[in-house]
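A short worksheet on the structure shown next.
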Amino acid sequence: MNSRRNFLQQSLASLALSVMPTGVMAGQRIRHYQLTAEPTPHFFDDKPLATDLLLYNRQSPGPLISARKGEILDVEFVNNLDQPTTIHWHGIRNINEMDGVPDLTQASVEPGERYHYRFPVNDAGTFWYHAHNRAWEQVALGLYGPLIVRDQSETTGEHDVLIVADDWLINENEQIDATSFGNLGHWSHGGRLGNALSINGQFSPSIPIPTNGLMKLRLINTANARILTFALSGTLSDAPSSASAGELPMRVICVDGSPCEPFRTDRVTLGPAQRVDVEINDASQLQTLLETSTGKSLEAASFKPVSTAQNEYRPLKDPRPYYARPNTTNAKVVNIHMQGGAMGNLSSAMFKGEMRSLRDLAMNESKLWAFNGNIGGYDLALTEVNLGKVVVLSVWNDTAWSHTMHLHGQHFWVKSREFGKNTHHLLRDTYLMQPGEKADLTFVADNPGLWLFHCHMLEHHAAGMGGVIAVS
Ligand code: C2O
Ligand code: CU
C-alpha cells in the first residue's frame, strides 16, 4: 500500500508550534496528513467505464491514516467538492470541536475552503473516518477511509491485514446508481443497499498474508446500510485425514477499537460503521474471505501467501478497554424508544414543534423515524448530563428493522447479542440491534461536549434517527 510509504515519510520529530486545541500537550509526536475531497472518475477494476465518485485524495478507500497511541493527528483538509462537507473520526474519543459534525461541533467546510483537524489519539485500535454532511450520499459515493492507531509495541506487516468492506449500488451501465439517492422506499426499509461488495476498493482482490503463523485481520464495514457477515474458508490441518476444506475459526480480540475478552467464532457480523479485529492461528490454512449475509457464501477476497513479512506478529501485551464496566447504581437512565419506518407502529411524531402524521412527514419532509415520538436531528436534545456521570441509554428497538446505533465522543458497554447465542460484554461505539431488541448502552460521560447518538444506517439517520447528548 502506498500509504505505508506515506507513513514512513512523515516527520517523526515535529513539535507543536502553532496554537494547540485543548487536549493537545506540547511535546507529543505529530503525524501530518493532507486530505482533499473531490469528485473523481473512478474505474472499478477492469471495468471499461469510469463512474463518478466523491473521494479523498482520488483514492477508494481514502488513504490509510495511521498513528501510534498517544500521538497527535494533524490533518489539513481541503474541500474541492461542489457541496459543503466535514470529516468525522469515527470511534476516536475526540475533542468536541474536532468531531466533525456540521452545525453541531463545527461549521460545514464550504466548497473551496480548508479545515485543520488536530487531535490526540489515545486508544490503539481500528477506526475510520468519513464525511458527515449528507453522509447517506457522500459516504455512499466514497468519502471515507481507514484510520489505525497502534500501540507502541505493535509491529506492521502482512500479519496485520486491513479489510475495508463496502457495498456499492451499480446500475446496468456500470455507473453508481444515483437515481436511488433519497429514495423513500430505501429510507423506510433497511436503507440503500448495494449489489457489489468491494474489499479495499476492489472486487474480489487477492490479499497478501504471511505464509504461516499467527496473524490478525482488521474488518471494517463502511457501507451506508448493508449488514455484512464474514467467514473464512481454509484447510483444517487438524482434520482427521489429509487437509480438508472448511470454515476456519477466528478469535475476536477487539471490537470498535477496544480490546475485549477474546472469544472464538466462525462468523463475524458487522453493522455499518462497526469494526472487529480477529486473530487466525495459522495463516497457512487461510484461503478465502467469504461474505454470507445473503445465506449464500460469496467469495469477497482471496488470500495470497507472501514470504516477505519481516516482523513476527506480536499480540498486544496488556490488552484492555479504556475503562472497566461501570457500576450503574447511581446512573442516569435515559429511555430511548425507537419507532417508525415501514411496517412500524408510529402514526405521528413531533417535528420542529409540530405534531404531524407519519404519512405527511414521509411525503413532505422525508422523515420516517423517531426517538420517543420526536423526529430527531442535530437539534434534538436527548439528555444533558454532568461530566463524569454514569449514563444508561436504555434503548428499545420497537421497529421492524435492524439499527446500528452509534455514540460519538465516548464508548459504551453493552451486553452484546451480536455473536451467536452467547452474550458478550463489549465496549463499543456502535451496536447492531435486532428488531424488538432492548439494550442498555452504559457509558461514563467523561468527555465534555455535544455528542451525537444516531443510527449509522445513514438513510435512517437522515430520516430522523438521531439526537444529541450534552455532557458538561
Ligand atoms: Cu460514523 Cu455520526 O458517525
Ligand atoms: Cu437504523
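The values are calculated or read from the model by the stated rules, or taken from the named source; none is laboratory data. Computed from a predicted structure; not experimentally measured. Here Cβ is always computed from backbone atoms with ideal geometry, including for glycine, and neighbour counts include all displayed protein chains.
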>> So the check is Cβ under 6 Å with 6+ separation or different chains; which pairs have a first residue in segment 283-295 that's assigned by TED's automatic domain parsing to the domain that holds Ser198 and more than 14 Å from Asp166 (Cα to Cα) and a second one that's outside any strand (DSSP E or B) and not hydroxyl-bearing (Ser, Thr, Tyr)?
In response: Ala283/Asn212; Ala283/Gly213; Ser284/Asn212
> Can Leu147 be described as under 17 Å from the mean Cα position of the chain (by Cα) and assigned by TED's automatic domain parsing to the domain that holds Glu279?
Replying inline: no
>> Please determine whether any residue of segment 108-119 is of a type in the set (Lys, Arg), closer than 24 Å to Phe44 by Cβ and surrounded by 19 or more Cβ atoms within 10 Å (Cβ to Cβ).
In response: no
> Inside segment 249-329, counting only strands (runs of 3 or more DSSP E) that do not spill past its ends, which hold 2 or more residues that are more than 22 Å from the chain's Cα centre (by Cα) and either modelled with pLDDT of 95 or more or farther than 24 Å from Asn221 by Cβ (or both)?
Replying inline: 286-291, 298-306
> Pick from Met465, Met457: which is at pLDDT 95 or above, touching a Ser or Thr at 6+ places or on another chain (Cβ under 7 Å) and either within 15 Å of ligand 1 (Cβ to nearest atom) or not small (Gly, Ala, Ser) (or both)?
Replying inline: Met457
> Is there a residue in segment 189-205 that is in contact with a helix residue (DSSP H, G or I) (Cβ under 9 Å, 6 or more places away or on another chain) and hydroxyl-bearing (Ser, Thr, Tyr)?
Replying inline: no
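Restricting attention to segment 128-178, report how many residues are closer than 22 Å to Lys317 by Cβ and in contact with a Leu (Cβ under 8 Å, 6 or more places away or on another chain).
Here the count works out to 7.
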> So which residues in segment 428-472 are among the aliphatic types (A, V, I, L, M) and farther than 14 Å from Thr383 by Cβ?
Replying inline: Leu432, Met433, Ala439, Val444, Met457, Leu458, Ala462, Ala463, Met465
> In segment 35-84, which residue that is in a loop (DSSP other than H, G, I, E, B) and of a type in the set (Phe, Trp, Tyr) is nearest to the chain's Cα centre (by Cα)?
Replying inline: Phe44
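State whether one or more residues within segment 2-17 are polar (S, T, N, Q) and either in the same structural domain as Asn447 (by TED's automatic domain parsing) or at pLDDT 95 or above (or both). Walk me through it before giving the result.
Going through segment 2-17, the residues polar (S, T, N, Q) turn out to be 2-3, 6, 9-11, 14.
Those left that are additionally either in the same structural domain as Asn447 (by TED's automatic domain parsing) or at pLDDT 95 or above (or both): none.
No, every residue in segment 2-17 fails to be polar (S, T, N, Q) and either in the same structural domain as Asn447 (by TED's automatic domain parsing) or at pLDDT 95 or above (or both).
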> In segment 85-133, how many residues are within 21 Å of Pro146 (Cα to Cα) and in a loop (DSSP other than H, G, I, E, B)?
Replying inline: 15
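Here's the yes/no breakdown for (1) away from ligand 1 (no atom under 15 Å from the Cβ); (2) surrounded by fewer than 20 Cβ atoms within 10 Å (Cβ to Cβ):
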{"position": "Val414", "(1), (2)": "yes, no"}
{"position": "Lys421", "(1), (2)": "yes, yes"}
{"position": "His425", "(1), (2)": "yes, yes"}
{"position": "Arg428", "(1), (2)": "no, no"}
{"position": "Tyr431", "(1), (2)": "no, no"}
{"position": "Pro435", "(1), (2)": "yes, yes"}
> Is one or more of the residues making up segment 417-427 within 16 Å of ligand 2 (Cβ to nearest atom) and hydrophobic (A, V, I, L, M, F, W, C)?
Replying inline: no
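For Leu407, are the conditions met, namely being outside the structural domain of Leu193 (by TED's automatic domain parsing), under 27 Å from Phe263 (Cα atoms) and away from ligand 1 (no atom under 15 Å from the Cβ)?
No; evaluated as a whole, the condition is false for this residue.
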>> Within segment 442-465, does at least one residue satisfy the condition of being of a type in the set (Asp, Glu), under 14 Å from the mean Cα position of the chain (by Cα) and either surrounded by fewer than 23 Cβ atoms within 10 Å (Cβ to Cβ) or not in a strand (DSSP E or B) (or both)?
In response: no
> What residue, among those in segment 366-412 that are part of a loop (DSSP other than H, G, I, E, B) and in contact with a Lys or Arg (Cβ under 7 Å, 6 or more places away or on another chain), is nearest to ligand 2 (Cβ to nearest atom)?
Replying inline: Ile375
>> I'm trying to understand the selection: among the residues of segment 141-159, which are of a type outside the set (Ser, Thr, Tyr) and surrounded by fewer than 20 Cβ atoms within 10 Å (Cβ to Cβ)?
In response: Arg150, Asp151, Gln152, Glu154, Gly157
